[in-house]
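Engineer: Below: one structure in structure tokens.
The values are calculated or read from the model by the stated rules, or taken from the named source; none is laboratory data. Since the model is a prediction, treat every value here as computed from it, not as a measurement. We place every Cβ from the backbone using ideal geometry, glycine too, and count neighbours over all the protein chains shown. Areas reflect the complete protein model, heavy atoms only, side chains present, ligands, DNA and RNA absent. Shrake-Rupley method; radii C 1.70, N 1.55, O 1.52, S 1.80 Å.
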Amino acid sequence: MTMTTKGKFGRFGGQFVPETLMTALQELEEAYEHYKQDESFQQELRYYLKEYVGRETPLYFAQRLTKHCGGAKIYLKREDLNHTGAHKINNALGQALLAKKMGKTKIVAETGAGQHGVATATACALLGMECIVFMGAEDVKRQALNVFRMELLGTKVVAVEKGSRTLKDAVNEALRYWVTNVETTHYILGSALGPHPFPVIVRDFQRVIGDETKKQILEKENRLPDAVVACIGGGSNSIGMFYPFIEDREVALYGVEAAGKGFETGKHAAAINAGKTGVLHGAFMYLLQDDNGFVQEAHSISAGLDYPGVGPEHCYLHETGRAKYVMATDDEALAAVKLLCRTEGILPALESAHAVHYATELAKTMDPDQIIVVCLSGRGDKDVHTIYDALGGELA
Amino acid sequence: MSQIKEAILETNRQGHKAFIPYIMAGDGGLEKLKPTILKLQELGVTAIEVGIPFTDPVADGPTIEEAGVRALANGTTLRKVLETLAGFAHEIKIPLIAMTYLNPVLAYGIGQFAKDAHKAGIRGVIIPDMPLEESDLVHPALKAAGIDLVQLVSLTSTPERIEKLTKASEGFIYAVTVNGITGARSSFEGDLESHFKKIQSYTDTPVLAGFGISTPEHVKQFGSFTSGVIVGSKIVDSLAKGDWDAIENLVKASKTVPLA
Amino acid sequence: MSQTLIKNGYYGNYGGSFVPDEVQKVLDRIAEEFAKVKDDPDFNNELNYYLKEYAGRETPLYFARNLTEKLGGAKIYLKREDLNHTGSHKLNNVLGQILLAKRMGAKRIIAETGAGQHGVATATAAAMFGMECTIYMGAKDTKRQALNVFRMELLGAKVVAVDKGNGLLKEAVDEAFMDLVKNHDNTFYLLGSAVGPTPYPEIVEHFQSVISRESRAQHLEKEGKLPTAVIAAVGGGSNAAGAFAHYINDENVRLIGVEPAGAATITKGKPGVLHGFKSYVLQDEEGNLLETDCIAAGLDYPGVGPLHAYLHESGRGEYVTVTNDEVLDAFQVLSRTEGIIPALESSHAVAYALKFAPTLSPEDTIIVNISGRGDKDVQQVFELLKNK
């Protein structure tokens, strides 16, 4: 356990929310503690993960990528093969099932590019729950097809016309909706963020990634990897991957933040590397902000990393030195997309491409008998348009 | 004794209900802060809640959020608000209460904030995204500077929490009248009277009702079973329109409620 | 199973090879090599490794509880081919054929593609095996499917726009065969559906039969018996061939192929020869091909694999049709009840299941083959529903 006191990871985390939500958070915490121990709940969740989501996902040895880098062996944890195309469904399904057990009838969620919204809408369709998703108006325009996809799944999508009209504002609005409808509604937060107990719940529902990886690598290599690499936006795929390895000190953990147009330009989403702490959306964490404590917009070509904060457990892992937080730029991520396509026939999500980039750099510095596992958190189908535009439709 | 509590009790002793208007600092420009505060003081309000704009005001409804957006566009910051207030603090006779989200305070530095706020006439602080459990972060510094930390009690707070919150709250207890965010409403649900009486039963600190109160009728309705009211969105809206008559009517209503 | 059905390149009266001699020579070599590898344990171990580790098999046989309860008849299971890498059953065949190509010493893979799905799957596997890859695509299709072209290029494939005739799939196939004849020393033609001259239909059926190999075992494990019926969409017929293969000898299992009403080759066509093989063809009295009208690009084909022609004629298979409207409805129903957005192709199978399941009893079970995911079709459905 990395939680040091109730709801805190070192000095990070906590419950910085309006009083109206405190009872709901307490209720959620109690329910979660109960169902966490409840074998029939866990069994039902395992059933859906296997039969519906398609777990377990392969831990695939990327032979040609390995050869290309000429160093450590690279394995890819294939979360891109999950139903709906990313790790997001692990958490959405877990929380929707939890909410249903708690007697909630409605689900509210925020979404940026739409991935978490689609995953949540999917889980709600499956479990027969009403679902409302808030999405920044800019994102609604950019991601019209994901909006339609959510609607197909029976979800109501609300465009948020406030603030920067992106993810941050969608979270604000979803929180407001939750405050107003808290008795009937559960808020499914999409990343390992927010007030306690959300970072714990999201991590626990995502740890299946790391648990499977550990079992698989032991089967394949009969030992643990030397390094594990995952991208960090809010940090849900990475915390799910890291968590089961935290006590294994010989395994180096690398979180890759989005350096956007370059860290030095200020147009990035690298909250940990930027180094300022603050409170947003319920938690004390590393946060992109100006000297007045006003939250700044994050910048990344990858919508899923485009968030100004980072989950509190990562903040703690950074401060204790257990995990290292490095960066990849937009251009590096794009190059990694191309590289993984060419060498392995796998089109990674732009988010995951940040991790791929760093892993290839790292592999080159390591020996052939060493092992790196990369969390391939999602598939890149959703990003083909962005990649096309970024490369000007031309491929060198 | 807390200046805020004293001001509320004094108003009650005069046979009136306490009336605390909320204003968004910097809405319409920081130069409006002084005339607005002095005019409200002249109207006989009990205290003034001064809102500090923030980029992500999750507890606020559309009216106050938009006022915040306007204030931010004017370049308003916590630092500038405190400096502006300090410039005419000697003219302010009633206590000011700062309503701010936590992050600007953290960025300012808690100790320095407490000192500068006191110099600016701030006698109480409300931080809507900081529940009691997290208040150790700021409470010692505020206490040292002689500033109250006001707690909110919501409709969803359990009896155990209500007891804890009312005992911890300084100055007054901010009792939220609705589930949700700030903003004008046409009606309220449930048996609010017994809820408020329950809250008051734990403490001799006055209980004030807030969120959604927007008409003289609301003021009278809530005034009939509380020590007073806080009016936010309606004041912000009226100030933006320059409609001082509406504000005056609300203040007047607080002076016509018979004491329970 | 397939080996009991096919004799000398024919499924009953259907199949065969109607191609120029120079093509025939290449096909004979492929047939010979395929005969060697298909029961070779080493080959199958390697194939199974990639199916598991790369494609992500096995795919679940998912009990669609909500849909079953909604329809109130047979229990409905969905075979989740949509969860394969690249989003459909196509990769099963591509991986099999590309390993066959490697065995034959090929360094270069060519393929045809219409809407782009088979092209993407082929480019994917070629990238993974580090083989050169050329995809032939009708010029008109390359314009309509610019993003899929880009995706293939991203995967390192060369996409050749065929600007002949109508600039559609047929011209792309012709061009691919010409390439094969010219470059057969180092080149393998990876055909995407259970059509074409022998041995392709058999090869495709064989590599797709993993679908029913899994589903049969899964159904036995879950229900302790075989299903009442297996339902799959039929265009060229590769997913249906794979979904049916291991049940063909289970006489009590009904095999139901669902054709688009606007391209119902078996239901409305007549025997004929098309693209080098004999099967049912949608044609008029003069033998001219009829126009097709189907909202799923992957089923929009005036011919059908010879296996299906045979299953139809022998009565072992049942072939039915559904309309475009029924398909659109099924697309939405499955999305809403189960949170699964099916490909428009697969939605044909779902559409028939919606009608069929209520006519059975709760003791019955049916398997619907969800051959692919519908992400690729969301834009099209969006437009179709908007214009309604």
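Engineer: If each Cα of the range C:323-388 is one equal point scatterer, what is log10 of I(q)/I(0) from the Debye formula at q = 0.12, 0.16, 0.20, 0.27 Å⁻¹?
Structural biologist: For the range C:323-388 at q = 0.12, 0.16, 0.20, 0.27 Å⁻¹, log10 I(q)/I(0) is -0.30, -0.51, -0.76, -1.23.
Engineer: Further question on the same structure: Can you tell me the relative contact order of chain C? Whole percent, Cα pairs under 8 Å, sequence separation 6 or more.
Structural biologist: 21
Engineer: Residue-wise, which Karplus ³J(HN,Hα) couplings in Hz belong to the range A:77-92, taking 6.51 cos²θ - 1.76 cosθ + 1.60, θ = phi - 60°, and x for glycine or proline?
Structural biologist: Calculated HN-Hα couplings, in order: 8, 8, 5, 5, 8, 5, 3, 6, x, 7, 5, 3, 5, 3, 6, 4 Hz.
Engineer: Let me ask something else. Once Rh is set to the Kirkwood radius over Cα pairs, what Stokes-Einstein translational diffusion coefficient, in µm²/s, holds for the range A:306-354 at a temperature of 25 °C and a viscosity of 0.890 mPa s?
Structural biologist: D, rounded to a whole number, is 197 µm²/s.
Engineer: What's the Kirkwood radius of the protein assembly as shown in Å, using all Cα pairs?
Structural biologist: Every distinct Cα pair counted, the radius reaches 31.1 Å.
Engineer: Two decimals, Cα atoms only, Kirkwood Rh: what is Rg/Rh over the range A:36-157?
Structural biologist: When Rh is taken as the Kirkwood radius, the ratio is 1.08.
Engineer: Once the other residues with Cβ under 12 Å from the Cβ of residue A:276 are scored (Lys, Arg +1; Asp, Glu -1), what is the net sum?
Structural biologist: So the environment of residue A:276 carries a net charge of -2.
Engineer: If you don't mind, another one. Check residue A:252: other-chain or 5+ apart residues with amide H under 5 Å from its amide H, H built from backbone geometry?
Structural biologist: A:227, A:228
Engineer: Then there's this: What is the sum of charges around residue B:29, taking Lys and Arg as +1, Asp and Glu as -1, for the other residues whose C-beta is under 14 Å from the C-beta of residue B:29?
Structural biologist: Within the 14 Å Cβ shell, the charges total +2.
Engineer: With an 8 Å cut-off on Cα pairs and a minimum separation of 6 or more residues, tell me the relative contact order of the range B:3-254 in percent.
Structural biologist: Here the relative contact order equals 22 percent.
Engineer: Just to be sure I understand: if you take the accessible area of chain C alone plus chain A alone and subtract the pair, with a 1.4 Å probe, what total do you get in Å², rounded to 100?
Structural biologist: Roughly 3800 Å².
Engineer: Need one number: the % of Cα-Cα pairs in the range B:122-225 sitting beyond the 21 Å mark.
Structural biologist: The answer is 35 percent, as a whole percent.
Engineer: Also, quick follow-up: Cross-link partners among lysines for residue A:324, C-alpha distance below 24 Å, same-chain residues fewer than 8 apart left out?
Structural biologist: The reachable lysines, counting only those whose Cα sits under 24 Å from residue A:324, are A:8, A:73, A:77, A:88, A:214, A:215, A:261, A:267, A:276, A:364.
Engineer: I've got another one for you. How many times 2.2 N^0.38 Å is the alpha carbon radius of gyration of chain C?
Structural biologist: Expressed relative to 2.2 N^0.38 Å, the Cα Rg reads 0.92.
Engineer: Another question, if that's okay. Output the residues of the range A:36-80 meeting this criterion: accessible area (heavy atoms, 1.4 Å probe) in the chain alone minus accessible area with all protein chains in place is 40 Å² or greater.
Structural biologist: A:47, A:51, A:52, A:58, A:60, A:64
Engineer: Now a separate question. Which of the lysines could a cross-linker span from residue C:182 if the Cα-Cα distance has to be under 18 Å and same-chain partners fewer than 8 positions apart are dropped?
Structural biologist: Answer for residue C:182, where 18 Å is the Cα cut-off: C:25, C:107, C:158, listed by chain and number.
Engineer: Ok, one more. Counting only protein heavy atoms and using a 1.4 Å probe, what share of the accessible area of the range B:196-252 belongs to carbon plus sulfur, as a whole percent?
Structural biologist: Heavy-atom surface of the range B:196-252 belonging to carbon and sulfur, 1.4 Å probe: 46 percent.
Engineer: Per residue, how large is the accessible surface of chain A? Use a 1.4 angstrom probe and give square angstrom.
Structural biologist: With all protein chains present, chain A gives 31 Å² per residue.
Engineer: For chain A, what mean projected area does the convex hull of the alpha carbons give, in nm²?
Structural biologist: Reported value for the Cα convex hull: 17.9 nm².
Engineer: With a sphere of radius 11 Å drawn around the Cβ of residue B:83, what net charge do the other residues whose Cβ falls strictly inside it have (Lys, Arg +1; Asp, Glu -1)?
Structural biologist: +2
Engineer: Which far-off residues, 5 or more places away or on another chain, put their amide H under 5 Å from the one on residue A:377, with H placed in the peptide plane?
Structural biologist: For residue A:377, the qualifying residues are A:352.
Engineer: For the pairs C:143/C:376; B:17/B:197; B:17/B:252; C:36/C:278, flag any whose C-alpha to C-alpha distance is greater than 20 Å.
Structural biologist: C:36/C:278
Engineer: Check which residues have an amide H placed less than 5 Å from residue A:134's amide H, if you skip close sequence neighbours.
Structural biologist: Those lying under 5 Å, H to H, from residue A:134 are A:109, A:110, A:111, A:158.
Engineer: Please list 3J(HN,Hα) in residue order for the range C:246-262, calculated via the Karplus relation 6.51 cos²θ - 1.76 cosθ + 1.60 where θ = phi - 60°; whole Hz, with x for glycine and proline.
Structural biologist: 7, 9, 4, 7, 8, 4, 7, 8, 6, 10, 10, x, 10, 9, x, 4, x
Engineer: Kindly provide log₁₀ I(q)/I(0) values, in the same order as q = 0.10, 0.18, 0.23, 0.24 Å⁻¹, from the Debye equation applied to equal alpha-carbon scatterers of the range A:299-396.
Structural biologist: -0.30, -0.91, -1.28, -1.34
Engineer: Shape of the range A:264-327 from its Cα gyration tensor (a ≥ b ≥ c, root eigenvalues): rounded if a/c is under 1.5, otherwise prolate when a/b > b/c, or oblate?
Structural biologist: Oblate is the answer for the range A:264-327, as a/c is 1.5 or above yet b/c matches or exceeds a/b.
Engineer: So, how do all the Cα-to-Cα distances of the range B:1-94 break down into 10 Å bins, in percent, from 0 on up?
Structural biologist: In order of increasing distance, the bins hold 16, 43, 31, 10, 0 percent.
Engineer: How many Å² of accessible area per residue for chain C, probe 1.4 Å?
Structural biologist: 36
Engineer: Please compute the Cα-Cα pair-distance distribution of the range C:247-388 with 10 Å bins starting at 0, giving whole percents from short to long.
Structural biologist: For the range C:247-388, the binned pair fractions read 11, 38, 34, 16, 2 percent.
Engineer: With the other protein chains left in place, how much accessible area per residue, in square angstrom, belongs to the range B:3-254 at a 1.4 angstrom probe?
Structural biologist: Computed with neighbouring chains in place, this is 35 Å² per residue.
Engineer: Give me Rg over Rh for the range B:3-254, both radii from the alpha carbons and Rh done the Kirkwood way, two decimal places.
Structural biologist: With Rh from the inverse mean 1/r over Cα pairs, Rg/Rh is 0.92.
Engineer: Would you mind giving the total buried accessible surface between chains B and A, with a 1.4 Å probe and ligands, DNA and RNA left out, rounded to the nearest 100 Å²?
Structural biologist: Adding both sides of the contact gives about 2800 Å².
Engineer: To continue, here is another question. Rounded to whole Hz and in sequence order, give me ³J(HN,Hα) for the range C:274-284 from the Karplus expression 6.51 cos²θ - 1.76 cosθ + 1.60, θ = phi - 60°, writing x for Gly and Pro.
Structural biologist: Here the 3J(HN,Hα) series is 8, 6, x, 8, 9, 6, 6, 9, 7, 8, 8 Hz.
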